[in-house]
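Please read the structure below before turning to the comments.
The values are calculated or read from the model by the stated rules, or taken from the named source; none is laboratory data. A quick note: this is a predicted structure, and the numbers were derived from the prediction, not measured. All Cβ positions, even for glycine, are placed from backbone atoms using ideal geometry, and neighbour counts span all protein chains on display. We work out accessible area using only protein heavy atoms, side chains counted, and drop any ligands, DNA or RNA first. Shrake-Rupley method; radii C 1.70, N 1.55, O 1.52, S 1.80 Å.
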Amino acid sequence: MNNENNNFNNGQNINTVPVVPTTPVTNPVINNQINQTVMPNTAPAVQQPMPVPVEPSTVPVTEVPVGTQPQIDNNAMINENLQKVEINNYKAPSKFKVFVLFLFFVLLIVFIMFLPEISSYVRIYMSGTNNQQPQVEVVTTGKLVCTLTSNTSDLDKEYEFDFSFADSKLTKTKYIVYTRGDSTTESALDELNEKCVTLKETTKDLDGVSIRCEYTDKKLTETQVFELETVDSEKLNAAFTEAGGIVPTYQYNQSIDDIEKNMKASGYSCERQK
């Protein structure tokens, strides 16, 4: 069978005349004219797509010009070199400088702490009141001492009144009278001494009353002490009236301020003592 096929193919190949395809000859000029006159442009128009808006990117983009090389910052290099030199040349401060700095901060803190007092002193100095006498402290518990000296043609007398007080209230009085004379006034001194002795005898039984008479060398010292808290005012007045003495005028718990005013008004010099 293969032989038959081969024979058939061989016979076909021998008897069949090859056909040469012909190429149509076309004139380009004529074809161009035909295309321009005969064939209109009937191709449908292509619809262009609508442009889609694109949001701008929030990341900044640095445009680098093409063909340029990044420039080296000479100032940055100089500063870096200077910093290296400064680090190499750095020296720690001396102990003396550290001590001076510490002392300065201590003085600054002290100045801030005492700034109100310093301001007060400055105001006083600027106002010119720094030369004024400081105010005397008022004594409310202590002793008020008042003295007075009187002279007559015959005798010289010196009076001393001591007023003890607490919380500015009178608690005790002490009267001392010094009388001096000469040979011509001896009789007058004798008479004063007799009155003092009589008053002493009259009040010896009274509570809170003590009288002493000292008469030597033409000098008489009379001392009268009154513990006002325990003194009976009625008995004291009766005894002084009988002996002819002067009854004490100041009472227990009387204001020491009023007593001081009255004594100064009478010509006495008074001073408070603690």
Requested in this report: State, as an integer percentage, the relative contact order of region 131-214 based on alpha-carbon contacts under 8 Å between residues 6 or more apart.
Outcome: 19 percent
Requested in this report: Could you tell me whether region 180-223 comes out rounded, prolate or oblate from its Cα gyration tensor? Rule is a ≥ b ≥ c as square roots of the eigenvalues, rounded for a/c under 1.5, then prolate if a/b exceeds b/c, otherwise oblate.
Outcome: prolate
Report summary line: Note: probe point = Cα of LYS174 + 7 Å toward Cβ; backbone nitrogen < 15 Å; residues of region 232-274 passing the test are 271-274
**Report entry** Solvent exposure, largest accessible area first (probe 1.4 Å, DNA, RNA and ligands not counted), of TYR215, TYR125
**Finding:** TYR125, TYR215
Query raised in the report: Among rounded, prolate and oblate, which fits region 138-239 when a ≥ b ≥ c are the square roots of the eigenvalues of its C-alpha gyration tensor, a/c under 1.5 means rounded, and a/b larger than b/c means prolate?
Result: oblate
